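The values are calculated or read from the model by the stated rules, or taken from the named source; none is laboratory data. Fair warning: this is a prediction, and the values are worked out from it, not measured in the lab. All Cβ positions, glycine included, derive from the backbone under ideal geometry; neighbour counts span all protein chains shown.
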Amino acid sequence: MFATVNNYLSSVLHAIEDYDGEALGTYMSLRDVHVQNHNLYIAQPEKLVERFLKPPLDEVVTAHMKVLYHLAQNPPDYMEAYNQQAAACGAVVRLLQQLKDENWCLPLMYRVCLDLRYLAQACEKHCRGFTPGHILEKAADCMMACFRVCAADGRASEEDTKRLGMMNLINQLFKIYFRINKLHLCKPLIRAIENCTFKESFPLPEQVTYKYFVGRRAMFDSNYQAAVEDLSYAFTHCPDRFASNKRLILIYLVPVKMLLGYLPRKTLLQRYDLLLFHDLALALKAGNVKRFDEIVREQELVLIRSGIYLLVEKLKFIVYRNLFKKVFAIRQTHQLDMGDFLSALQFVGVTDVSLDETHCIIANLIYEGKIKGYISHAHNKLVVSKQIPFPPLLST
Amino acid sequence: MAQIRGSCETLCPDTESKMRIRENLLHFYELKNGQKKTPGILVKEFTRSAADVKMPKAKDMRTETSLTKTVEYLLKDIILDTRKPYHVAYDFIFDRLRAVRREIVIQVYDARQTIPLLEPIVIFLAYSRYRLCEESIEKFDPKICNQHLQECLTGVLRCYDELEEQVAPTDLTIRQLERRCLIESLYQIFNLGSPESFVRALSLPDYVKKDPIFNLSFGICLAYHQGNLYRVLMGLPRLPHILCAVASTKLQAIRRSLLQIFTHAYNNKQLTVPVPYLLRLLLIDRPDSLQEQCRHYNLSLAVDRKAVHFNKTDFNNAVDPIRPRHETFVESKLAKVYLPELLLLKKF
């Protein structure tokens, strides 16, 4: 806490003179204690700030104090606070451009961008009169301006380059793009990281977040093998004390792995309060199509909210496979009557299924390599391979 | 910048009419009874914004009522004009509706004003996409049509979202709600297989989700994502006219996927699959259409032409799907509706 505005401003000045980006970031943070200091709520702090600081840093600080002022109103003026924060972000871009071959101010950029996102979210929640996602999109544009400066800083040495700030920004942008359902915008960002020669030297927490989002995107593109790799990396490298983050990762990792044929252990699910997947896994293992559908319907809202509804629905063909595998186990022959499969479907309670559809489902399983064999339409029989009629899912 | 409000009460502002009559720049549909040089009803042309063009004045912009009249005139009168083939009318209407869209943007209309203007444009583009799908590329470019359709669709959806922020669904008329359900369904069907549109479907308000037409469309998309093409194909003919028409532009690609799946599943040198079964599943009504499919993808027919041999190595993976065409089950649905009513969303 600072007693007076002058105190605050001279501390900011010291941080700049010491090249202390961390401290400077804290002084610009909306989550620091100084935001409770009423002396800092000034509607027009320009003159005051100019006495201490040079441009463009004075603009950052001025905008920050205006943000504090607008947030202190009753009710808080989120829209105006957001606009000022965006101005701060613009000033940070100019600062970054000025400071060639230096990157000490990256923590300041992180902080300003983070608060920009928080304020954009607050606007989305409290303000009316614009399309949902619009403010977040505008915030993303501001961050992209920062990103461009960072990404273009190719000449500085590896310790001093602003490119080290890319991953932090990208993670911020990911959060926005996932929220406003514009995943295609992630692609160029991922490419920027993949082409980076020192992509291993980003801080671990940032890498965990990055892999989490990249994994989710791969999942969206039906690139499940890659999704499992990225999400597993995120899960194993995320420290145990962040249980809720680990849970978030699992929400995606578990169903993707189920799609590749791994069933989750109950103890793991229990520890992270994800028993919903246990029920799904049981239905899946049993090939109980009806029960599977029921769980999906019961948990619809949870699944939608976590963004895995579609993924879980895609598990359905594995449920079919497991059911049909049981038919094979019962019949113990390599020539299986198609009618038996239909009966199996009806037995588990699927009422609206026909022989034609049964043919199509099995045809699709063969096409995907989940069943080895062929159908004889004339005899209405499925002829399965003598070696591995139902290959392990991992290999398909 | 001050918002401009149009003051022109006709379909075409005076300045433009005078200029185009003077310069002899009238379209066929703007001439009276096809007589040369006698002007009939003019409709404002689409022009791009450019650096050397001045900001349009209020009298060069139409009022909301006259924009509505323009849309109605184009989709009621011109659409039924049979003197020229449909693609000529399409070009004309497309251009004039684009001018309407531009005015919506320049006059910064809010969601409530934009929706009733954009909805018919969406339906018109969707209908034309189907109606002209057999035309050659010189007469109709499906890609451009798709692009504009997608643009208009996302535009209307954005308006729905905006309006939802402002008013509760109970304050809207049943008609407005129904129209939204239809457009939302159209968006789903048009974007069959896209995860983005699917995510949207999941987050829609309850009244849309519970709408039977939307439900059916959503079910088709879900089945498509699951890989259950049987359900997709069986669902298509149950869709109402315009949705059915849009869906049928995707049909050839779906048929191809199913045939490809079958080449793996029924892959055998001796065995065959009977034609009636394939006709039923592929929604094909004539055996010669099936033969065409077989030729196209290099599948062989049995000697008696009553069955098809499937062989996965023979299947021609390299060829594109057959071009979309008019399907009997769509035609019979469209034959039952009065076109202007369909396009202006008066009846569905």
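Are there any helices (runs of 4 or more DSSP H) wholly within the stretch B:153-210 with 1 or more residues that are within 11 Å of another protein chain (Cβ to nearest Cβ) and loosely packed, with under 15 Cβ neighbours inside 10 Å, and if so which?
Result: B:195-202.
Condition first: of a type in the set (Ser, Thr, Tyr) and surrounded by fewer than 16 Cβ atoms within 10 Å (Cβ to Cβ). Can you find one or more residues in the stretch B:46-63 that meet it?
yes
Among (1) free of Cβ contacts under 8 Å to residues at least 60 places away in the same chain; (2) more than 10 Å from chain A (Cβ to nearest Cβ); (3) out of contact with any Leu (no Cβ under 9 Å at 6 or more places or on another chain), which single condition is B:ARG256 missing?
Here B:ARG256 clears every test but (1).
Could you look through the stretch B:260-289, keep only residues that are touching a strand residue (DSSP E or B) at 6+ places or on another chain (Cβ under 9 Å) and surrounded by 21 or more Cβ atoms within 10 Å (Cβ to Cβ), and pick out the one that is nearest to B:GLY193 (Cα to Cα)?
For the stretch B:260-289, the residue satisfying everything is B:PHE262.
Of the numbered conditions (1) surrounded by 17 or more Cβ atoms within 10 Å (Cβ to Cβ); (2) at the interface with chain B (Cβ under 9 Å from one of its Cβ atoms); (3) more than 20 Å from B:GLY227 (Cα to Cα), A:ALA378 satisfies every one except a single condition; which is it?
Unmet for A:ALA378, out of (1) surrounded by 17 or more Cβ atoms within 10 Å (Cβ to Cβ); (2) at the interface with chain B (Cβ under 9 Å from one of its Cβ atoms); (3) more than 20 Å from B:GLY227 (Cα to Cα): (1).
Within the stretch B:226-253, work out how many residues are in contact with a Ser or Thr (Cβ under 8 Å, 6 or more places away or on another chain) and touching a residue at least 40 places away in the same chain (Cβ under 8 Å).
Counting residues in the stretch B:226-253 that are in contact with a Ser or Thr (Cβ under 8 Å, 6 or more places away or on another chain) and touching a residue at least 40 places away in the same chain (Cβ under 8 Å) gives 3.
Taking the stretch A:227-246 only, how many residues are of a type outside the set (Asp, Glu) and crowded, with 16+ Cβ neighbours inside 10 Å?
10
Okay, residues lined up against (1) touching a helix residue (DSSP H, G or I) at 6+ places or on another chain (Cβ under 9 Å); (2) surrounded by fewer than 20 Cβ atoms within 10 Å (Cβ to Cβ):
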| position | (1), (2) |
| --- | --- |
| A:MET167 | yes, no |
| A:LEU173 | yes, no |
| A:GLU194 | no, yes |
| A:PHE198 | yes, yes |
| A:GLU206 | yes, yes |
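Return the total of residues in the stretch B:291-316 being within 24 Å of B:SER136 (Cα to Cα) and in contact (Cβ under 8 Å) with a residue 24 or more places away in the chain.
4
Yes or no: the stretch A:321-336 includes at least one residue that is within 14 Å of chain B (Cβ to nearest Cβ), touching a Gly at 6+ places or on another chain (Cβ under 6 Å) and in contact (Cβ under 8 Å) with a residue 12 or more places away in the chain.
No, the conditions are met nowhere in the stretch A:321-336.
For B:MET61, are the conditions met, namely being touching a helix residue (DSSP H, G or I) at 6+ places or on another chain (Cβ under 8 Å) and either at pLDDT below 95 or assigned by TED's automatic domain parsing to the domain that holds B:ILE4 (or both)?
So B:MET61 passes the test.
Can you give me the number of residues within the stretch B:172-210 that are acidic (Asp, Glu) and over 23 Å from B:ARG112 (Cα atoms)?
Selection size over the stretch B:172-210: 1.
Could you name every one of the helices (runs of 4 or more DSSP H) located completely within the stretch A:1-92 that has at least 3 residues being within 30 Å of the chain's Cα centre (by Cα), more than 23 Å from A:LYS125 (Cα to Cα) and of a type outside the set (Val, Ile, Thr)?
Filter on the stretch A:1-92 gives A:21-27.
In the stretch A:223-233, how many are touching a residue at least 24 places away in the same chain (Cβ under 8 Å) and within 22 Å of A:ILE304 (Cα to Cα)?
So the answer is 4.
Can we say A:ASP340 is away from chain B (no Cβ under 13 Å), in contact with a helix residue (DSSP H, G or I) (Cβ under 9 Å, 6 or more places away or on another chain), over 19 Å from A:LEU259 (Cα atoms) and in a helix (DSSP H, G or I)?
yes
Answer yes or no: is there a residue in the stretch A:350-364 that is under 30 Å from A:PHE178 (Cβ atoms), in contact (Cβ under 8 Å) with a residue 24 or more places away in the chain and out of contact with any Phe, Trp or Tyr (no Cβ under 7 Å at 6 or more places or on another chain).
For the stretch A:350-364, residues under 30 Å from A:PHE178 (Cβ atoms), in contact (Cβ under 8 Å) with a residue 24 or more places away in the chain and out of contact with any Phe, Trp or Tyr (no Cβ under 7 Å at 6 or more places or on another chain): absent.
Taking B:ARG325, is it out of contact with any Ser or Thr (no Cβ under 6 Å at 6 or more places or on another chain) and more than 30 Å from B:LEU117 (Cα to Cα)?
So B:ARG325 does not fit the description; no.
When you go through B:LEU236, B:LEU216 one by one, which is the residue that is in contact with a Gly (Cβ under 7 Å, 6 or more places away or on another chain), away from every other protein chain (no Cβ under 11 Å) and either of a type in the set (Asp, Glu) or within 26 Å of A:GLU300 (Cα to Cα) (or both)?
Residue meeting the stated conditions: B:LEU216.
Residue check, B:GLU30 against (1) buried (at least 18 other Cβ atoms within 10 Å of the Cβ); (2) of a type outside the set (Val, Ile, Thr); (3) more than 30 Å from B:GLU134 (Cβ to Cβ); (4) free of Cβ contacts under 8 Å to residues at least 24 places away in the same chain, all met but one. Which one?
For B:GLU30, the failing item is (3).
If you take the residues of the stretch B:312-332 that are under 16 Å from B:LEU259 (Cα atoms) and among the polar types (S, T, N, Q), which of them is surrounded by the fewest Cβ atoms within 10 Å (Cβ to Cβ)?
B:THR313
Assess whether B:PHE190 counts as being more than 15 Å from B:ALA126 (Cβ to Cβ) and either in the same structural domain as B:LEU283 (by TED's automatic domain parsing) or touching a residue at least 24 places away in the same chain (Cβ under 8 Å) (or both).
For B:PHE190, the condition - more than 15 Å from B:ALA126 (Cβ to Cβ) and either in the same structural domain as B:LEU283 (by TED's automatic domain parsing) or touching a residue at least 24 places away in the same chain (Cβ under 8 Å) (or both) - is not met.
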